[in-house]
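Encoded as structure tokens, the structure appears first; notes follow it.
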Amino acid sequence: MNRGSDSLLLFGATGDLAQRMLLPSLCALHADKLVAEDLRIIGTARQDMDDAGYRNFARAALEKFLPAERRGGMGTFLNRLHYQPLDATDQAGFTTLAKKVGPIDEGLAIFLSTAPALFEPTIAGLAASGLASDKARIGLEKPLGTDLETSRQINDAVASAFREEQIFRIDHYLGKETVQNLLALRFANILFEPLWNAAHIDHVQITVAETVGLESRVGYYDGSGALRDMVQNHMLQLLALVAMEPPSSFDATAVRDEKVKVLRSLRLVGPDETVTGQYRAGAIGGQAVPGYDEELGKDSDTETFVAIKAHLDNWRWKGVPFYLRTGKRLPTRRTEIVVQFRRVPHSIFAGKGARSEPNRLVIGIQPEENITLSLMAKVPGLDREGLRLREVPLDIRMQDAFAGPTKRIAYERLLLDLIEGDQTLFVRRDEVEAQWDWIDAIRASWGEHGVTPKPYTAGTWGPSAAIALTERDGVHWHE
Ligand code: NAP
């Protein structure tokens, strides 16, 4: 086992993310003996507690958020936990924190699960107390800024104390098994790569659909919107993985070099290539739900839906649209990538009255993890009244194909990589900045053209203009 770190220092240790994802992930890694036996986990937040208090707090979170069958090692896991109260804006407290952390000869993994406004004082405190040593690595949660400028400020602040090789920017989509499997599908099979280009692919669709509305994220979401909350990070990362050239190896530099080239080839989006929407009252799964303004308690111009027709100006993807759409209060919760191949150049069956549909590869990321390739097959029969062809799915359900391995939380993988120091599934500074560059241009164009979100009824697939965005190219959204 690569030990990687003596300790994990968790800022925001009492927050929602820590309770729902980070503590359960760490406990699961402990139960599976994937972290060194003597790895200490030190939590910190302002709330006043001692070690015993935090262990009780963590136990309650695990009982709520970790399935019972994965709680086997909970008792011994809790003994790893320590806690030091700290207001990150008070520099004096970091000296006490450094004492609590103790020696970090082997390494220190730091995870900032706090609001980005706290990143700067936290980093200053870490630097002044010696915790930002050469042996430390720092994991940062999104959002990394609200535009290129604020993202640069955060990146500069982190870079003042940590080298890029020590900085782990989290996009939890990269921790998802199916997202990593996209790379295996493309680069561990000979089948797809020769066809993976403009000559054989008509278009790509990426959908991230949520059924939830604002939930408890009111303050954050209204200042952000769908474009910055979903497209800037998760969807552009998915697009980069679909579109990138084959890296020479599965390592941090090779993979990220290829992703950033894709992000830099994103063409500026024209004013008629985006659609924004905001949900009004409607029904989801038979349940009436209020509109966005009602949930928020005031009028707002924040988009809860966005659809974009994106292009990559490079050799491989010339002329292939990448349609992206994401929204809240859509009919189903679904994240998927659809790769639509072109038609065969000539159908030998046309003379027999048979119609053939182009092949389609659907990569389901959530809630179902599956890969479906639609192929044309002959409908059985003697064909006296003409030959018929029909689409049949070649279906791989990851759950059935790999029944043994436990389905893991995305953060298990990411926390383990942070502890051990593998940056492959983390986002490099140049990627984040290329992402913001493109997103800022879209927002500037909305401002210039006075674009405000069009209403859509909760429980539908967004405003009708989103349908028109693809239909005018003769393309239907995959539903
Ligand atoms: P949260 O529930 O508001 O938790 C914030 C944490 O920061 C708490 O532990 C809080 O504890 C601590 N904190 C607040 N002010 C502090 C200060 N001055 N000094 C030290 N600690 C302080 O937030 P969250 O939902 O866990 O999210 C954490 C980060 O992850 C945010 O950047 C968020 O955008 C990001 N994120 C969250 C999710 C999610 O699903 N929750 C998803 C993606 C990204 P005290 O109040 O006791 O100090």
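The values are calculated or read from the model by the stated rules, or taken from the named source; none is laboratory data. In this text the structure is predicted, and so the values were computed from the model without any measurement. Here the Cβ is made from the backbone with ideal geometry for all residues, glycine too, and neighbour counts use every protein chain on show. With ligands, DNA and RNA removed, areas are computed over all heavy atoms of the protein, side chains included. Shrake-Rupley method; radii C 1.70, N 1.55, O 1.52, S 1.80 Å.
Structural remarks
- Among the residues of the range 1-10, the one identified as among the polar types (S, T, N, Q), in a loop (DSSP other than H, G, I, E, B) and crowded, with 19+ Cβ neighbours inside 10 Å is SER5.
- Among residues of the range 12-33, those that are of a type in the set (A, V, I, L, M, F, W, C) and closer than 13 Å to LEU418 by Cβ, counted: 3
- In the range 212-247, of all residues being among the charged types (D, E, K, R) and closer than 30 Å to THR332 by Cα, the one that is least open to solvent (accessible area, probe 1.4 Å) corresponds to ASP229.
- Scope the range 320-362; condition more than 15 Å from the chain's Cα centre (by Cα), modelled with pLDDT of 95 or more, open to solvent by less than 30 Å² (accessible area, probe 1.4 Å) and hydrophobic (A, V, I, L, M, F, W, C); matching residues: VAL320, PHE322, LEU330, VAL338, VAL339, PHE341, LEU361, VAL362
- Matching residues in the range 248-269 - criterion: being surrounded by fewer than 20 Cβ atoms within 10 Å (Cβ to Cβ) and free of Cβ contacts under 8 Å to residues at least 60 places away in the same chain: SER248, SER249, THR253, ALA254, ASP257, GLU258, LYS261, SER265, ARG267
- Subset of the range 416-458 (residues that are more than 23 Å from the chain's Cα centre (by Cα) and open to solvent by less than 40 Å² (accessible area, probe 1.4 Å)): SER445, TRP446, PRO453, TYR456, ALA458
- Qualifying residue in the range 150-171 (condition: open to solvent by less than 20 Å² (accessible area, probe 1.4 Å), in a loop (DSSP other than H, G, I, E, B), out of contact with any Leu (no Cβ under 7 Å at 6 or more places or on another chain) and of a type in the set (A, V, I, L, M, F, W, C)): yes
- Pairs meeting the criteria (first residue in the range 88-117 and within 13 Å of the ligand (Cβ to nearest atom), second residue among the charged types (D, E, K, R) and modelled with pLDDT under 95, beta carbons under 7 Å, at least 6 apart or on different chains) are LEU112/GLU141; SER113/GLU141.
- With a requirement of 2 or more residues that are at pLDDT below 95, the helices (runs of 4 or more DSSP H) lying completely within the range 198-297 that satisfy it span 218-222, 292-296.
- In the range 11-31, the residue that is nearest to TYR54 (Cα to Cα) out of those that are more than 9 Å from the ligand (Cβ to nearest atom) and either open to solvent by 10 Å² or more (accessible area, probe 1.4 Å) or outside any helix (DSSP H, G or I) (or both) is HIS30.
- Residue check, ASN181 in a loop (DSSP other than H, G, I, E, B), away from the ligand (no atom under 16 Å from the Cβ) and not basic (Lys, Arg): no
- Residue in the range 64-84 that is within 30 Å of THR146 (Cα to Cα), part of a strand (DSSP E or B) and more than 24 Å from the chain's Cα centre (by Cα) present: no
- Within the range 131-147, the residues that satisfy the criterion of being modelled with pLDDT of 95 or more and surrounded by 18 or more Cβ atoms within 10 Å (Cβ to Cβ) are LEU131, ALA132, ALA136, ARG137, ILE138, GLY139, LEU140.
- Residue selection: ILE308 satisfies the criterion of being under 20 Å from ALA209 (Cβ atoms), open to solvent by less than 10 Å² (accessible area, probe 1.4 Å) and among the aliphatic types (A, V, I, L, M).
- Some residue of the range 390-404 being in a helix (DSSP H, G or I), under 30 Å from ASP32 (Cα atoms), open to solvent by less than 20 Å² (accessible area, probe 1.4 Å) and small (Gly, Ala, Ser): no
- Qualifying residues in the range 32-48 (those that are near the ligand (Cβ under 9 Å from one of its atoms) and surrounded by fewer than 19 Cβ atoms within 10 Å (Cβ to Cβ)) - the one nearest to ASP90 (Cα to Cα): ARG46
- Restricting the first member to the range 453-479 and to residues that are closer than 18 Å to THR335 by Cβ and without any contact (Cβ under 8 Å) to a residue 24 or more places away in the chain, and the second to residues that are in a loop (DSSP other than H, G, I, E, B) and open to solvent by 10 Å² or more (accessible area, probe 1.4 Å), the beta-carbon pairs closer than 9 Å and six or more apart or on different chains are GLU479/PRO331; GLU479/THR332; GLU479/TRP461.
- Close pairs (8 angstrom Cβ cut-off, 6 or more residues apart or separate chains): open to solvent by 70 Å² or more (accessible area, probe 1.4 Å) in the range 63-78, modelled with pLDDT under 95 and in a loop (DSSP other than H, G, I, E, B) anywhere: GLU63/ARG71
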